[in-house]
Amino acid sequence: MTHPFVDQPSGSRVLVVARFDMVRLAADLRTDGRHPDLVKAVERAASAGSTRDDLRTALVSLDRILEMQAETGDDGAVAVARGDGVVAGALFTQAVILYARATATGSDRPKLLGEAKLSAEERAVHDEAIALRSGCIAHFGRGEDLTDGPMFREAVLFNLLLVDGAPKKQVSVFSTRAHHKVAFAARLAPLIERRLKEIADRIDRLFEAVDVELERAGREDADLRESMGRYEFDVDAFAGSAEGAAALRLQLASGTAIDMDYVVRVPKPAG
């Protein structure tokens, strides 16, 4: 059986290499109200890829926090004076937000991970992560009811002083943050590994669904077959930077494309 997008004349073997940007195609099909099953399959496959990327980045962030904790010595304190506390806090915030986004946040991305298969212990960690995101990170909250204690403490101090024998009153505010909650990071990391396995168990089936629906649509729709050339994958437009495009081309040439992050340089202000 021939594929509608591969030219295979009878009695010959032809190898055709083509890369189509299915996200762009699905967006146009959705606008036109055509091939909804193909659109759904592409959107779920894209969701699987971006969800996996969120979870992977969250796990790397938590691993780095734990590495920083191990580097501090026996007391285990993250040294704020060196800025390590700020870095750990940023990593922790990123990990919690990305985990919540991958598992619980409603958005344009289809949700692929539910909580039904989680154990009671895993569900407790999941719920705490969502509570952290909603009550302490995305919005201000002290988080007094968290397992590892509050994220934020503050004190308004009313000081009665004697200055050169004369009474003086002074009001000041003191606050402390625990954005690098290492104990929770250690509990959240195994849960993220578990959710990554869930995605891995489903992702091949989601990708296969794209192929099945594309083949079906192509056989039924001559206009779709004729228009596919408009959806050739544009490496430069996708990568967003010259360095990223060069790295992606090397991957594609080798036949093994993997997830890839890139940084876009910000020009220095004039003067």
**Study point:** Residues of the range 138-190 satisfying the condition of being within 26 Å of residue 123 (Cβ to Cβ) and charged (D, E, K, R)
**Key:** 142, 144, 145, 148, 181, 187
Practice item. Kindly indicate whether any position in the range 132-147 is open to solvent by 70 Å² or more (accessible area, probe 1.4 Å) and modelled with pLDDT of 90 or more. Key: no
Study note, to complete from the structure: Only unsatisfied item for residue 179, checking (1) outside any helix (DSSP H, G or I); (2) exposed (fewer than 10 other Cβ atoms within 10 Å of the Cβ), is (2)
Check your understanding: If you go through the range 151-174 one residue at a time, do you hit one that is touching a strand residue (DSSP E or B) at 6+ places or on another chain (Cβ under 9 Å), under 21 Å from residue 66 (Cβ atoms) and open to solvent by 50 Å² or more (accessible area, probe 1.4 Å)?
Key -> no
Check your understanding: Filtering the range 58-67 down to residues that are in contact (Cβ under 8 Å) with a residue 40 or more places away in the chain and buried (at least 19 other Cβ atoms within 10 Å of the Cβ), which residue is farthest from residue 203 (Cα to Cα)?
Key -> 65
Check your understanding: Just a yes or no: is a residue in the range 200-219 open to solvent by 60 Å² or more (accessible area, probe 1.4 Å) and touching a Phe, Trp or Tyr at 6+ places or on another chain (Cβ under 7 Å)?
Key -> no
Review point. From the set of residues in the range 76-92 that are modelled with pLDDT of 75 or more and over 12 Å from residue 62 (Cα atoms), which is surrounded by the fewest Cβ atoms within 10 Å (Cβ to Cβ)?
Key: 86
Practice item. Would you mind stating whether residue 157 is over 23 Å from residue 61 (Cα atoms), aliphatic (A, V, I, L, M) and either touching a residue at least 40 places away in the same chain (Cβ under 8 Å) or assigned to a strand (DSSP E or B) (or both)? Key: yes
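The values are calculated or read from the model by the stated rules, or taken from the named source; none is laboratory data. Model, not experiment: these values are computed from the prediction. A quick note on method: Cβ atoms are made from the backbone with ideal geometry, for glycine too, and the neighbour counts reach across all protein chains shown. These accessible areas exclude ligands, DNA and RNA; they are computed on the full protein's heavy atoms, side chains included. Shrake-Rupley method; radii C 1.70, N 1.55, O 1.52, S 1.80 Å.
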